[in-house]
Structures are given as structure tokens and as C-alpha cells.
């Protein structure tokens, strides 16, 4: 898996590398500058283009000054702007400016942004350490960069677009740089992946600048998957249908058979050996017609405890909630499952809304539980406003997991999967075509299927999200975002 760092943890990795391992800061800056040059070279034929590098007073500015020297070595002489109080320049920036002046005196170094527009503008203003709004000359510089971008300049940000919070992806008070590309030094930052920071970052290229993998991984509790890690659990030659998990889908109320069908079919297509649907009697014929491979048990107005207990004793995992309704019988069914299940439970949709009115249901359960709320459902569960959740996706998911001892799948444009231990995976697959009714029902069925095949809950939830997003990406490529239905996602589960 690939580590993703917050601002604080990246700074700790830098400090560890410099102070404890003894790798000089100048070496890291040199490698950062070379990496930035490589990204520029990959993006376009840069010979003959005009360059402006805008440096802030810290080490991000030092990276920019070092890049000016690397470009000059190749007969590309950029103009350089250095902003801020000269007395507060970092030592790294001072050294890089000194070298640049000494070796390439022809490079113009200015203290304010010029009026003209350049072909390439490099944002070396702040990097990952910014923790306040952008004001004064720095705000003017951001405005200049964005205007140049609108007029056709190629904008490269060093490490992170200035104005983006590296830990949350939120925009600091004021404006932020809109980059075409960002070169991430050492590790991805959470702000590269979470919105709206992901929109400001453009294409993000990760470059090794010499910080050892051990230093980056040492304290990392946020990760993303390598593409090669995203696959359904392997099947073995000498097996039978019971070897791949028996999944109970408790879903669907009167008029809501579709949610049960989508959830159950997704479980089947994700490799489950057997799927049983426990639903309202009115859905029996619809479900049996749509899914002849499924076992169907029903209840009529009131819970059939005997049938539900038998189904729970039979299964390896339970998915509950899609289309279940918030009726008294739905509440009774949910309470019975939470109070009696000894297999993992995946909770979604109406079941989450029922729990939000009586959170002790979740607190008192002893089963291994995965909850899959979208932002609105999380707001009802936690009592936190949607806007606050959106601004703090990771901490919200982690706090909820720790409070209730559950795996939390907080669904958004970037879904966060969190464990009670504080482990986090950010799912980077998926697209806006998946913002369609039933998509969450499909995800619930996929997670239940993978969990029923003996993956632990954190990895089952994370892998389910990654596979769901990848299937959605393939459906979008085939059909277009506007034309996708939730059922199309199922067709591309691989």
C-alpha cells in the first residue's frame, strides 16, 4: 500500500531524515528541484519557453530557487520572484538564492510579480506548512498565477498548490493556486486526494527525493491502494459454493424491491457462493424473477423471527438496510440482528437512519460491524453538520470508528474507510457518474460478499470500495457519466 501523509507527519519524516539520518537539507532540495524539472520536461517541450518561478520565504521557496538553477544549467533562464520579509527567509532559501546569484547572475530576481505573462509559472510559495489564509503580496501572487493560468500559462505547483491544506484538502481562507500539475515530494499528502484540494492540484506526480521509505511509512496511518492490490479474493481449485461465503441480504420493503435486488446481485457478482434475501412478502416474486439464483425468505408486516434466526445461523455475513424503510417492523428486524448476530454486519441506508434515532443500538451490539454512511447519514448519526463533516472527512470517520468500535465507510467523492485503531484508507477510484440511485446498495453488497470470504472488516470494506470505484470507472468509460445506472456498475465488477 502507498502511504499518504498529513502536513505534520510529512514534516516529521523530513526532520527524521535530516536530523537523525544525517541527509543534508540541501540534498533534499536538489533532488526536489531535479524532480520538478523532470515533471516539466515530461509535460511539454520546454525549450524556448519563458519561465517565472514565484518563491515564498520558506523551504518551498528554496525548492523553487534550486529549480531556477537546474533550469539555468540547461540554458533555460527563468525569472524569479522572491516574496516576503527578507529577514524571515529560511536558511535553505537563502543558500539557494545565494548559489543562483553566484553561478547564474543573468537570472533576474525580483521582489514583486511582473505584469507580463509567461509560458510556464511555477508555484513555490508555501508548500505543506501553510496553516493560515493567504494575504497581502502572497494573495496578489496567487491571483497573478491564476490569471496567467486563465491566459494559457502552464502552472506547476511544488509539493502542493499554495492555499490547499495538506492534511484535509480544504482551501485556506482566501484564494488558492489552480495548478495544471503538482509534483509531490516524497509522499502523497491527504490534500492532494481530498476535495477541493484534488481539483486545485491538477495531475499529481509523486517523486522520490531521498526520504527513505521507512521514514515515510513509520508513522503513516493513511494509505491508498496500489492498482495491483485491487482484486477480488482468489478462488482455489478444490472448493464448492460454500467455500465463498453465504451472504444474507436484509433489504427491501413494499415498493423497494430494487434496493434488495441491486445489493444481492452485487454480492453474487463479487464472488459469493450463496446469497439469501430476507425481504417483505410483496417483493418475493420480483426478487425471485430478477435473481433466480438467490434464496428468498419473506415476512409479512411483522418480522418472522424463526425465518430470520434460521437465515442468520446459516450465513457468514449480513448486509442490512437498503430499501428497508423506517417502519416499526424494520426497527424490530434491525434490533434483532444487532442483538443476536455473531457474524459480521454491514449496515447501510435505512438501517443507519433507524440507528441515528437510537444510537445505543449500535453501541450495544457485539458483532463485527461496518457502517457505510454518506454525509447526510453521518450528520444524523453524529450530530455534526454536513459542512463540518465535509471539511474534516478523515477525523470524522476515525472519531466515529473509535467511539463505537466499528469500521466506518464515509462515502463522498473520496470515500474514507477508517478503523477503531485509527487506520485510514482513502479510495481514489470512482467518478461522478456513480452519483446515481442504487450505487450505495451495490457497494453494500460488494463489501458483504468480500467480508463473507474471510477478509477482515477493514480490508473488506476498503477493497469493496476500491473495486466498486473501479467498476464505476469502467462503466463510465463505456457508457458516459450521464448514462450510468447502478446496475451498470455491477456489470463491470472484476
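Where a number appears in this text, it was derived from the coordinates with a stated rule and is not lab data. Keep in mind it's a predicted model, so treat the numbers as computed, not measured. So basically every Cβ, Gly included, is an ideal-geometry build from the backbone, and we count neighbours across all protein chains shown.
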Each label point is 7 Å from the Cα along the Cα-to-Cβ direction; what then is the distance between the points at residue 285 and residue 360, in nm?
4.3 nm
Can you give me the C-alpha center-to-center distance between region 472-491 and region 187-219, rounded to a whole angstrom?
29 Å
Computed over the chain: longest principal axis from alpha-carbon atoms vs helix 136-150 long axis, angle to nearest 10 degrees, is 70 degrees
To make sure I understand, if each residue's beta carbon is the centre and we count other beta carbons within 10 Å, what order do 447, 318, 109 fall in, fewest to most?
109, 318, 447
Using 0.36 nm per residue, how much length does the chain from residue 494 to residue 208 gain when fully extended, once their Cα-Cα distance is taken away?
99.8 nm
Rounded to the nearest 10, the angle in degrees between the Cα long axis of helix 457-479 and the longest principal axis of the Cα atoms of the chain comes to 80 degrees
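So if R0 is 51 Å, what FRET efficiency would residue 309 and residue 479 give, r being the distance between their Cβ atoms, rounded to the nearest 0.05? Please list the in-between numbers first.
Numbers: r = 42 Å, r/R0 = 0.82.
It comes to 0.75.
Assuming R0 = 22 Å, what is the FRET efficiency of residue 73 and residue 111, from their Cβ-Cβ distance, to the nearest 0.05? Walk me through the intermediate numbers first.
Details: r = 24 Å, r/R0 = 1.10.
Once rounded, the FRET efficiency stands at 0.35.
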Listed peptides 240-251, 169-180 by packing density, highest first (mean Cβ within 10 Å)
240-251, 169-180
Nitroxide proxy distance, nm - points 7 Å out along Cα→Cβ at residue 132 and residue 41
3.9 nm
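So what's Rg/Rh here for region 229-491, counting alpha carbon atoms and using the Kirkwood radius for Rh?
Values: Rg = 16.9 Å, Rh = 18.0 Å.
Taking Rg over the Kirkwood Rh, I get 0.94.
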Compute the long axis of helix 257-269 from its Cα atoms, compare it with the longest principal axis of the Cα atoms of the chain, and write down the angle in degrees, 0 to 90, nearest 10.
70 degrees
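Would you kindly state how much longer the chain becomes between residue 239 and residue 329 on full extension, computed as 0.36 nm times their sequence separation minus their alpha carbon distance, in nm to one decimal? Don't skip to the answer; put the middle values down first.
Details: separation 90, 0.36 × 90 = 32.40 nm, distance 3.82 nm.
In short, 28.6 nm is gained.
Based on the Cβ-Cβ distance of residue 11 and residue 387, what FRET efficiency does E = 1/(1 + (r/R0)^6) give at R0 = 30 Å, to the nearest 0.05?
Numbers: r = 28 Å, r/R0 = 0.93.
Efficiency, from the Cβ-Cβ distance: 0.60.
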Along principal axes, Cα extents of the chain, largest first, whole Å
86, 45, 42
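Let a ≥ b ≥ c be the square roots of the eigenvalues of the Cα gyration tensor of region 373-485; is it rounded (a/c under 1.5), or, if not, prolate (a/b larger than b/c) or oblate?
Numbers: a/c = 2.14, a/b = 1.33, b/c = 1.61.
Oblate, since a/c reaches 1.5 and b/c is not below a/b.
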Which residues in region 133-159 have a backbone N closer than 17 Å to a point placed 7 Å from the Cα of residue 172 along the Cα-to-Cβ line?
133-146, 157-159
How far is the Cα center of region 273-289 from the Cα center of region 417-456, in Å?
23 Å
